[in-house]
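Novice: The following block contains the structure, expressed as structure tokens.
The values are calculated or read from the model by the stated rules, or taken from the named source; none is laboratory data. Remember, predicted model here, so these are calculated numbers, not experimental data. Here Cβ is always computed from backbone atoms with ideal geometry, including for glycine, and neighbour counts include all displayed protein chains.
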Amino acid sequence: MEEEELRTQAPDFWEDPKRAEEQMRKVREIKSWIVAYNEIKSAAEELQLAFDFQKEGITTEEEVDEAYKQAIDLLENLEMKNMLRSEEDHLGAVLKINAGAGGTEAQDWAEMLYRMYSRWCESKGYKVTVTNWLDGDDAGIKTVTLQVEGDYAFGYLKSENGVHRLVRVSPYNAQGKRMTSFSSVSVVPLVDDTIEIDVNPGEIVWDTFRSSGAGGQNVNKVETGVRLHYNYKDPDTGEVKEIVIENTESRSQFGNKDNAIRLLKSQLYELELERRRKASAKIEAGKKKIEWGSQIRSYVFDDRRVKDHRTDYQTSNVGAVMDGDLDGFIKAYLMEYGGVAVL
């Protein structure tokens with residue numbers, strides 16, 4: 001850390017703001033590991049003291065248990081952070097929820113997931129911006145896109161990539177039948193100024209439309225919403241696919257266009273990372289594979305059970321999960337899969 005801090009004292013350090021910010025981020029990252037290590041070291045020493053004092057009758061067994069719990073929690077949190085070692089893990093995230101087939105029931109489920117992730121982000125102190133929102137036909141939402149800004153937002157939220165399945169007695173079914181609904185969650189890294197992404201302006205086509213905000217409130221009576229179409233050519237296969245990005249966050253069409261470009265860069269960055277994952281998968285062929293985009297978790301309300309099918313981690317506290325308590329699922333995922341770095 002001292003060596004990296006010396007680099008920040010060079011007379012010309014701030015002449016290149018982008019490089020300077022990257023260096024400052026590197027210093028903060030190293031410092032965070034040192035601080036965390038010292039916290040664990042201190043907690044372990046306090047645990048040893050509590051244990052010694054308990055044998056002498058100075059402290060109680062309950063106090064030893066509490067000191068042990070604090071030390072273990074700190075250690076496990078640092079172990080989990082150690083799983084976030086891919087280059088993109090420290091970035092923010094773009095999280096998109098799409099209701100699956102099933103009409104009102106699926107659209108209601110999509111809105112429930114939106115609330116769940118909003119609560120989780122709030123508990124982490126992340127800044128959340130809704131960049132696109134499309135109301136459901138009668139209730140819920142058809143699609144929503146969230147821009148999540150904060151350290152390691154992508155590293156944690158990448159565990160949510162895939163199809164989420166809800167099983168419950170539907171309030172929208174007159175017969176009170178048990179219904180199954182699906183919604184897909186897509187998470188890509190939110191690129192920042194430290195990442196260079198080439199975008200060919202000649203491949204961009206813009207549409208504009210009147211935008212409406214969450215809950216159907218009119219954001220503007222003029223066409224401030226933008227829809228970006230971009231033709232992306234896969235460098236390996238030569239296949240061309242169209243990327244479509246909608247942004248309705250701002251009252252300004254120019255502001256929406258700027259953010260749509262940022263979201264496009266995030267998508268292109270994720271495509272490049274996916275190419276690397278495939279290359280890594282060939283080398284790591286003997287390891288357990290993760291099928292991105294497949295059904296990853298079931299939420300069974302009647303049986304009071306939420307289960308992740310990749311890690312087998314489950315909980316009976318459905319209410320807490322829907323209120324944003326996802327740390328157990330995220331930790332189980334990262335401890336099993338997070339240590340495999342992208343080449």
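Novice: Going through segment 150-162 one residue at a time, which ones are at pLDDT 95 or above and either under 20 Å from Phe301 (Cα atoms) or part of a strand (DSSP E or B) (or both)?
Specialist: Selection gives Glu160 alone.
Novice: Look at segment 180-202 and say how many of its residues are polar (S, T, N, Q), touching a helix residue (DSSP H, G or I) at 6+ places or on another chain (Cβ under 9 Å) and farther than 30 Å from Val167 by Cβ.
Specialist: Residues flagged as polar (S, T, N, Q), touching a helix residue (DSSP H, G or I) at 6+ places or on another chain (Cβ under 9 Å) and farther than 30 Å from Val167 by Cβ within segment 180-202 amount to 1.
Novice: Which of the residues that make up segment 119-141 are under 21 Å from Ile245 (Cβ atoms), surrounded by fewer than 21 Cβ atoms within 10 Å (Cβ to Cβ) and out of contact with any helix residue (DSSP H, G or I) (no Cβ under 7 Å at 6 or more places or on another chain)?
Specialist: Lys127, Thr129, Leu134 - these are the residues of segment 119-141 that are under 21 Å from Ile245 (Cβ atoms), surrounded by fewer than 21 Cβ atoms within 10 Å (Cβ to Cβ) and out of contact with any helix residue (DSSP H, G or I) (no Cβ under 7 Å at 6 or more places or on another chain).
Novice: If Glu62 satisfies every condition in (1) part of a loop (DSSP other than H, G, I, E, B); (2) more than 22 Å from Leu334 (Cβ to Cβ) but one, which is the exception?
Specialist: (1)
Novice: Let me ask something else. Assess whether Lys307 counts as being at pLDDT below 95 and either surrounded by fewer than 18 Cβ atoms within 10 Å (Cβ to Cβ) or in contact with a strand residue (DSSP E or B) (Cβ under 7 Å, 6 or more places away or on another chain) (or both).
Specialist: Against the criterion (at pLDDT below 95 and either surrounded by fewer than 18 Cβ atoms within 10 Å (Cβ to Cβ) or in contact with a strand residue (DSSP E or B) (Cβ under 7 Å, 6 or more places away or on another chain) (or both)), Lys307 does not qualify.
Novice: Still on this structure: Output the number of residues of segment 174-206 satisfying the condition of being touching a strand residue (DSSP E or B) at 6+ places or on another chain (Cβ under 6 Å), farther than 30 Å from Lys18 by Cβ and either in a loop (DSSP other than H, G, I, E, B) or not small (Gly, Ala, Ser) (or both).
Specialist: Counting residues in segment 174-206 that are touching a strand residue (DSSP E or B) at 6+ places or on another chain (Cβ under 6 Å), farther than 30 Å from Lys18 by Cβ and either in a loop (DSSP other than H, G, I, E, B) or not small (Gly, Ala, Ser) (or both) gives 5.
Novice: Now, a different point. I need every pair where a residue in segment 165-180 that is among the hydroxyl-bearing types (Ser, Thr, Tyr) has its Cβ under 7 Å from the Cβ of a residue that is surrounded by fewer than 16 Cβ atoms within 10 Å (Cβ to Cβ) and not in a strand (DSSP E or B), sequence separation at least 6 or different chains.
Specialist: From residues that are among the hydroxyl-bearing types (Ser, Thr, Tyr), the pairs are Ser170/Lys177.
Yes/no matrix, rows are residues, columns are (1) surrounded by 20 or more Cβ atoms within 10 Å (Cβ to Cβ); (2) assigned by TED's automatic domain parsing to the domain that holds Asp135:
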position: Glu46; (1), (2): no, no
position: Glu56; (1), (2): no, no
position: Glu87; (1), (2): no, no
position: Gly102; (1), (2): no, yes
position: Glu111; (1), (2): yes, yes
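Novice: Can I ask one more? Go through segment 233-276 and report how many residues are farther than 17 Å from Ile195 by Cβ, of a type outside the set (A, V, I, L, M, F, W, C) and surrounded by fewer than 20 Cβ atoms within 10 Å (Cβ to Cβ).
Specialist: 14
Novice: Quick one: how many residues across segment 233-266 are over 12 Å from Thr129 (Cβ atoms), assigned to a loop (DSSP other than H, G, I, E, B) and among the acidic types (Asp, Glu)?
Specialist: Total meeting the criteria: 3.
Novice: Could you list, in sequence order, the residues of segment 1-20 that are closer than 24 Å to Glu88 by Cβ, part of a helix (DSSP H, G or I) and out of contact with any Phe, Trp or Tyr (no Cβ under 8 Å at 6 or more places or on another chain)?
Specialist: Answer for segment 1-20, where residues must be closer than 24 Å to Glu88 by Cβ, part of a helix (DSSP H, G or I) and out of contact with any Phe, Trp or Tyr (no Cβ under 8 Å at 6 or more places or on another chain): Glu4, Pro17, Lys18, Arg19.
Novice: Okay, moving on. Do you know which residues across segment 157-198 are among the β-branched types (Val, Ile, Thr) and surrounded by 13 or more Cβ atoms within 10 Å (Cβ to Cβ)?
Specialist: Residues satisfying the conditions are Val163, Val167, Thr180, Val185, Val187, Val188, Val191, Ile195, Ile197.
Novice: Only one residue in Ile97, Ile30 is farther than 30 Å from Leu271 by Cβ and of a type outside the set (Asp, Glu), so which one is that?
Specialist: Values: Ile97 fails: farther than 30 Å from Leu271 by Cβ.
Within the list Ile97, Ile30, the selection yields Ile30.
Novice: Another one. Just one of Gln54, Gln70, Gln23, Gln48 is closer than 30 Å to Leu268 by Cβ and in a helix (DSSP H, G or I); which is it?
Specialist: Going through Gln54, Gln70, Gln23, Gln48 in turn, just one is closer than 30 Å to Leu268 by Cβ and in a helix (DSSP H, G or I): Gln23.
Novice: Return a yes/no flag: does segment 113-128 have any residue that is in the same structural domain as Ser159 (by TED's automatic domain parsing), over 23 Å from Glu336 (Cβ atoms), free of Cβ contacts under 8 Å to residues at least 60 places away in the same chain and among the β-branched types (Val, Ile, Thr).
Specialist: Yes, because at least one residue in segment 113-128 is in the same structural domain as Ser159 (by TED's automatic domain parsing), over 23 Å from Glu336 (Cβ atoms), free of Cβ contacts under 8 Å to residues at least 60 places away in the same chain and among the β-branched types (Val, Ile, Thr).
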